[in-house]
Amino acid sequence: MASVTTSDGITLHLTDEGSGPAVVLVAGYRAGAETWVLQADALTAAGYRVLCLDRRSQGRSDAPVSGQRMARHGKDLHDALDAAGLTEVLLVGSSMGASTIWSYVDLFGGGRVRGVVSIDQTPRMINDAGWPYGFYGLHRANSGDFFAGGVPETGRGLDAGRAGQGLLRLAARLGPENVSPPVARPETLPLLHDHAHQDWRDVLARAEFPVLMLAGRESQFWPCEHAEAAIRDTPAAQAVIVEDAGHATHLDRPDAVNEALRTFAAAL
């Protein structure tokens, strides 16, 4: 399967390889499906069917002005699962990809979800006195235009030199010609704004399936303590901090993340 057509007529790119229990990998903002290749290699070798979804305006999917909100991205994931005929699935999301999964669960429930893995995504982006684990510097007072120009630099976490090693790993696996910087797409700025104002903590609390929260110790965007705080009210959940990793945790420490994914999936 190379593509999926959503209920509103948008074509999404979807890779599908391997056989066995299904795992769907959903990348973050401005990241394409190819950024999962190191996880797909490990999971297919371990006996899983692995599907990687390019969300709308990401990777090789259509880039419409419409649907730039988390609710639509959750519906897109639903449409992709339907098109692939998946009735039982492990969902893995990095960054905004994890929020897409929580949007899907919020809208459609967890009936076919075997488990969820969130990779370095806080469930609430806005900080306040009761939640200091949001995006660095983001508060209700400045949330109206905080992401108006894209994702701002924070000056925190893993430095650019070490973070760049992840792209070198991708280039070594895919070939340098197949790895390029993410394309800036202005039509997605409303999506960033919408994403910033979501709060998925109640969805996590209601989860009736196992949840694994992975966080990079040196995330550039938020404190790694968000992972433990997010699952305080979630019965079947665990949090793991990945050392020497930033926000792109699965690229910074692929071996550690792959081992965590295999262990979690095997226990389902």
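Every read-out reported here was derived from the displayed coordinates using simple, explicitly stated rules and does not represent laboratory data. Fair warning: this is a prediction, and the values are worked out from it, not measured in the lab. Virtual Cβ from ideal backbone geometry, glycine too; neighbours counted across all protein chains shown.
Here's how it looks for Val117: its modeled amide H is under 5 Å from those of Leu91, Val92, Gly93, Leu212, which are all 5 or more places away or on a different chain.
Could you tell me whether segment 100-196 comes out rounded, prolate or oblate from its Cα gyration tensor? Rule is a ≥ b ≥ c as square roots of the eigenvalues, rounded for a/c under 1.5, then prolate if a/b exceeds b/c, otherwise oblate. It comes out oblate by the Cα gyration axes.
Across segment 134-143, coupling constants 3J(HN,Hα) worked out from phi with the 6.51/-1.76/1.60 Karplus curve, θ = phi - 60°, read x, 4, 4, x, 8, 9, 4, 5, 10, 6 Hz, and Gly and Pro carry x. Normalised by residue count, segment 166-226 yields a Cα convex hull volume of 165 Å³ per residue.
Let me make sure I get this right: for segment 114-255, a, b and c are the square roots of the gyration tensor eigenvalues over alpha carbons, sorted descending. Under 1.5 in a/c it's rounded, otherwise prolate if a/b > b/c, else oblate. Which is it? List each step's numbers first, then the result.
Values: a/c = 1.74, a/b = 1.19, b/c = 1.46.
Oblate.
For the options Ala27, Ala71, Ala160, a Gaussian network treatment of the chain with springs between C-alpha atoms closer than 10 Å singles out Ala160 as fluctuating the most.
Given the rule -39500 (n - 2.57) for each run of at least 4 DSSP H residues, summed and divided by the residues of the chain, what is its mean residue ellipticity at 222 nm, to the nearest 500 deg cm²/dmol? The helix contribution divided over the chain gives -9500 deg cm²/dmol. For segment 7-112, taking Cα atoms only, Rg and Dmax work out to 12.7, 39 Å respectively. Annotation note: GluC sites (Glu not before Pro) in segment 212-268 located in DSSP loop regions with a Cβ neighbour count of at most 15 within 10 Å are Glu225, Glu243. Shown in residue order for segment 177-189 are the 3J(HN,Hα) couplings computed by the Karplus curve 6.51 cos²θ - 1.76 cosθ + 1.60 at θ = phi - 60°: 5, 9, 10, 9, x, x, 7, 6, 10, x, 5, 8, 4 Hz (x for Gly and Pro). If you take the square roots of the eigenvalues of the alpha-carbon gyration tensor of segment 146-198 and sort them as a ≥ b ≥ c, do you get rounded (a/c under 1.5), prolate (a/b over b/c) or oblate? Here segment 146-198 falls in the oblate category.
Electrostatic bookkeeping for Ala172 treats Lys and Arg as +1 and Asp and Glu as -1; over the other residues with beta carbon under 15 Å from its beta carbon, the sum is -3.
So, counting K/R as plus one and D/E as minus one, what does the shell of residues with Cβ under 14 Å around Gln68 add up to? Walk me through the numbers on the way to the answer.
On the way: positive: Arg30, Arg55, Arg56, Arg69, Arg72, Lys75, Arg185; negative: Asp8, Asp62, Asp76, Glu187, Asp194.
For residues surrounding Gln68, the net value is +2.
Per-residue 3J(HN,Hα) values for segment 61-67, derived from phi via the Karplus relation 6.51 cos²θ - 1.76 cosθ + 1.60 with θ = phi - 60°, read 7, 4, 10, x, 6, 6, x Hz in sequence order (x marks Gly and Pro). The Cα center of segment 232-255 and the Cα center of segment 115-180 differ in position by 14 Å. Amide H contacts for Val240 (H built 1.01 Å from N in the peptide plane; partners 5 or more residues away or on another chain; cut-off under 5 Å): Met213, Leu214, Ala215. Projecting the Cα atoms of Met213, Gly9, Val65 onto the charge dipole of the chain (Cβ charges, centred on the Cα centre) puts Gly9 farthest toward the positive pole.
With equal scatterers on the alpha carbons only and no solvent term, can you work out the Debye log10 of I(q)/I(0) for the chain at 0.09, 0.11, 0.17 1/Å? Debye intensities relative to I(0), on a log10 scale: -0.35, -0.54, -1.52. Note on segment 60-155: Kirkwood hydrodynamic radius from all Cα pairs is 15.1 Å, rounded to one decimal.
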